[in-house]
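Structure, as structure tokens:
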Amino acid sequence: MRVKRVAGWLAFPLVAALVAATAAQAVGAQATHRGAGRTATAATVRVRAESGVGIAIRLHSLLNTSHRATLRELVSPALRPNAAAARATEAPCGQTPGLLCSTVVVPLDRTGVVPGTIPIHVERLPALGVAKGVMFLIAGGPGQGSARSFDLGNPGSASLFRYVFPGYTLVAYDDRGTAASGLLRCPTVEGYVPTSAVGAAVAACADALGPARAFYSTLDHASDLEAVRVSLGVDKVGLYGVSYGTKLALAYALVYPNQVERLLLDSVVPTDRDPFFSDSLKAMPGTLSAFCGGGACQTATPDFAGDVAAVANQLEAKPATGKVLQSSGATHTVRMNGEDLLSVVVDADLSPGLAAILPAAVHEARLKDIRPLLRIFDIDSSSGIVAEPPEDLSSALNVATNCHDGPFPWPAESAVADRPADLKAAVAALPAGSLGPFGLWAASIGTAGFCITWPAPAGGVTYGNGTVPDVPVLALSGGFDMRTPTTGATAVAAKFPQGRVLVVPGVGHSVVGADPTICTIRNVRAWLSGGAVDSKCPRGNPYLNTVPSFPVGKTPRMATAAQTLVLATKTIKEAEAIWLTLGDGGVSGLYSGRLTAAGRTFKLVRYSIAPGVELTGKVRFVKFGPPLQFDGTVTVGGAGAAHGLLGLNGDKVGGTLDGQLVGR
């Protein structure tokens, strides 16, 4: 299990680079038509939930790293810094013209009992043109600093968010305990920790933080947001929250309703979410089935949802252990249980590469070959959220916030020793079907199992008197979002008189950053201007088509040219998905060889997912699509293959094997 599991379920891929060049077909074209600033890109970055980059934006950036458009420098006179005003402590920062940074010092404990202060790093980007208001950008986790994640100092990020929120001054600050605002560290919860060691790791983190751990709840974060608002001298603010950022936005709206102008909630986390994440578990089969709708997974499995349920329950009853080849050529032992599988499945809604390869790997595990799934689990564990530096995602802050907030099935001031009995009784009392097709064991993926060793107070946080402001609210929900399902977005929006929901089929967690079409952004801009908003976007093409099933059994002693072409094509498609999952770095094949990724290119050296069939060559991402398009050339070798040379152009593979023309 990942110690950053809760962060993994609530973190998100922020859009921190602008769709450019080829994106001019979509966002750029709209920007030009409507008179917005032209688009720009940021440097190539790894695609991670926690890296600060949405998948759609990152892929456009890979294709267009040399393009950088000119930003307009017309700053709204009403929002230009006033030298005589109280904002004199602001100073220019970053590479974006007009960006101003400041520090707001807040008390650690607002009751004054525990001394200390925390410096909150704030970034403010004045609007271009006619001023409409102020929009706070709120990151997720908890544990991601919003200033660091939204990266307004990058001209590409600034241009994108100015396009999404035309006329709004943008504000992003790092929450207490994140990035540049008194970063919290707990080495015991940084990285992958086995399930059996999680309780001790969380308790050790609490001991390391000491009494200060009691002052990092969502209520504390909401009070900090209010302090930042006051420091900027603005009356009402709009709030754009993503994942956990939606919970913080909702908490602020409940505590400070008169200061809220509107709410944009992307991938909604209710303030009262149950501690077993039963909403996600119940929704998972339907989400997986919808993902495979229209025959999308037919080359990999006839029943992805059924495979996940069966394999997860089997792994929890009897965890699997096996050797996984490493990029160094050595092997190491990987152990996987049901919780681990659910974590990987949920990670797929932030990783289109993982989503493309997982149906085949899980189906193969159901057919009793666990090796592909163990390898995917190993890759995900080393390249996902658990690999992120604390500056990008503070595990300590994540634990401190989630374990203070609750709700939990025990009294907030209860002794740690008394909680297992309360937890066991609460799980046993769950109505049939509460955890979907999974056994009672699956309740442990929620915050209750994660926080059971956190010292009191643990849980019991409330927000205001339950009265919500009567303001425009738009909740965005991805159809492939398995950590914050649409049911939560619908329930939250229903509490607001002006609540609306936009569902985007096929898109995972963090809709604005993951939607490869312009539908989401178009609807957000329409909503901001008081126009009509769709209830559902058309389903777009996937980033990658599902990887076909892994080769069954042993490769023929000497495969024919036609058989080798099939195996080589499967290997290429699998390698494309691994590249998209991995980002920069290296990974071994299932049986031999190595894949090395750098930017838009990956190299294969004797890379094999089928015994006796090895590929060596270079493949390059050349067109966004979607589906993404690649080209390249590979040499086919290995003891069981017809040898030769194959070329890749889009979805076509062909060449010469054993002197025979194949493919195309």
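The values are calculated or read from the model by the stated rules, or taken from the named source; none is laboratory data. If you're wondering where the values come from, they're calculated on a predicted model, not measured in any experiment. Cβ placement follows ideal geometry from the backbone for every residue including glycine, while neighbour counts extend to all protein chains displayed. Surface accessibility is based on the protein's heavy atoms, side chains included, excluding ligands, DNA and RNA. Shrake-Rupley method; radii C 1.70, N 1.55, O 1.52, S 1.80 Å.
At a glance:
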{"read-out": "Residues within region 616-661 that are open to solvent by 20 Å² or more (accessible area, probe 1.4 Å), aliphatic (A, V, I, L, M) and under 18 Å from M558 (Cα atoms), tallied", "value": "3"}
{"read-out": "From the options G286, G294, residue that is open to solvent by 40 Å² or more (accessible area, probe 1.4 Å), at positive phi and among the small types (G, A, S)", "value": "G294"}
{"read-out": "S434 vs. criteria open to solvent by less than 30 Å² (accessible area, probe 1.4 Å), within 17 Å of T287 (Cβ to Cβ) and not basic (K, R)", "value": "yes"}
{"read-out": "Pick from region 209-239, criterion open to solvent by less than 10 Å² (accessible area, probe 1.4 Å) and not in a helix (DSSP H, G or I), ranking: farthest from D515 (Cα to Cα)", "value": "S217"}
{"read-out": "Looking only at region 306-344, and only at residues there that are assigned to a strand (DSSP E or B) and in contact with a Gly (Cβ under 8 Å, 6 or more places away or on another chain), the one that is farthest from S383 (Cα to Cα)", "value": "T333"}
{"read-out": "Per-region count, region 577-594, residues in contact with a helix residue (DSSP H, G or I) (Cβ under 8 Å, 6 or more places away or on another chain) and either in a helix (DSSP H, G or I) or closer than 18 Å to L645 by Cα (or both)", "value": "6"}
{"read-out": "Sole exception among (1) modelled with pLDDT of 95 or more; (2) closer than 28 Å to Q660 by Cβ; (3) β-branched (V, I, T) for T555, by number", "value": "(1)"}
{"read-out": "Total residues in region 489-506, condition within 22 Å of L288 (Cβ to Cβ) and open to solvent by 10 Å² or more (accessible area, probe 1.4 Å)", "value": "6"}
{"read-out": "All positions within region 174-208 that are in contact with a Cys (Cβ under 7 Å, 6 or more places away or on another chain) and within 27 Å of T103 (Cβ to Cβ)", "value": "C186, C205, A208"}
{"read-out": "Tally of residues being open to solvent by less than 10 Å² (accessible area, probe 1.4 Å) and under 21 Å from A348 (Cα atoms) across region 516-536", "value": "1"}
{"read-out": "Given (1) closer than 16 Å to G98 by Cα; (2) in contact with a Pro (Cβ under 9 Å, 6 or more places away or on another chain), number of the condition G156 does not satisfy", "value": "(2)"}
{"read-out": "Which listed residue is hydroxyl-bearing (S, T, Y) and either crowded, with 21+ Cβ neighbours inside 10 Å or assigned to a strand (DSSP E or B) (or both), from T569, T564", "value": "T564"}
{"read-out": "Residue under evaluation I445, criteria (1) out of contact with any Pro (no Cβ under 6 Å at 6 or more places or on another chain); (2) farther than 23 Å from V193 by Cβ; (3) in contact (Cβ under 8 Å) with a residue 60 or more places away in the chain, criterion not met", "value": "(2)"}
{"read-out": "Yes/no for G145 being closer than 26 Å to L265 by Cα and at pLDDT 95 or above", "value": "yes"}
{"read-out": "Residue count, region 615-632 (criterion: assigned to a loop (DSSP other than H, G, I, E, B) and in contact with a strand residue (DSSP E or B) (Cβ under 7 Å, 6 or more places away or on another chain))", "value": "1"}
{"read-out": "Residues located in region 171-208, provided they are outside any helix (DSSP H, G or I), of a type outside the set (K, R) and crowded, with 24+ Cβ neighbours inside 10 Å", "value": "V171, A172, Y173, D174, D175, G177, T178, A179, S181, L184, C186"}
{"read-out": "Residue satisfying all of: in region 251-262; open to solvent by 10 Å² or more (accessible area, probe 1.4 Å) and aliphatic (A, V, I, L, M); farthest from P485 (Cα to Cα) among these", "value": "V255"}
{"read-out": "Selection within region 543-552 - of a type in the set (S, T, Y) and either in contact with a Ser or Thr (Cβ under 8 Å, 6 or more places away or on another chain) or modelled with pLDDT under 75 (or both)", "value": "T546, S549"}
{"read-out": "Region 92-113, residues that are outside any loop (DSSP other than H, G, I, E, B), hydroxyl-bearing (S, T, Y) and without any contact (Cβ under 8 Å) to a residue 40 or more places away in the chain", "value": "T103"}
{"read-out": "Selection from region 530-553 of residues that are over 23 Å from the mean Cα position of the chain (by Cα) and touching a residue at least 60 places away in the same chain (Cβ under 8 Å)", "value": "P548, S549, F550, P551, V552"}
{"read-out": "Hits in region 255-308 - residues which are of a type in the set (S, T, N, Q) and within 22 Å of the chain's Cα centre (by Cα)", "value": "S267, T271, S278, S280, T287, S289"}
{"read-out": "Hey, A442 out of contact with any strand residue (DSSP E or B) (no Cβ under 7 Å at 6 or more places or on another chain), open to solvent by less than 10 Å² (accessible area, probe 1.4 Å) and farther than 20 Å from K247 by Cβ or not", "value": "yes"}
{"read-out": "Count of region 446-473 residues which are surrounded by fewer than 18 Cβ atoms within 10 Å (Cβ to Cβ) and of a type in the set (S, T, Y)", "value": "2"}
{"read-out": "Some residue of region 124-147 being open to solvent by 10 Å² or more (accessible area, probe 1.4 Å), within 23 Å of G513 (Cβ to Cβ) and under 24 Å from the mean Cα position of the chain (by Cα)", "value": "no"}
{"read-out": "Leading residue by the ranking (most open to solvent (accessible area, probe 1.4 Å)) among those in region 407-431 that are charged (D, E, K, R) and farther than 18 Å from A442 by Cβ", "value": "E413"}
{"read-out": "Residues that are closer than 18 Å to I578 by Cα and of a type in the set (S, T, N, Q), drawn from region 332-349", "value": "S343"}
{"read-out": "Residues within region 263-277 that are surrounded by fewer than 21 Cβ atoms within 10 Å (Cβ to Cβ) and either in contact with a Gly (Cβ under 6 Å, 6 or more places away or on another chain) or more than 25 Å from L474 (Cβ to Cβ) (or both), tallied", "value": "1"}
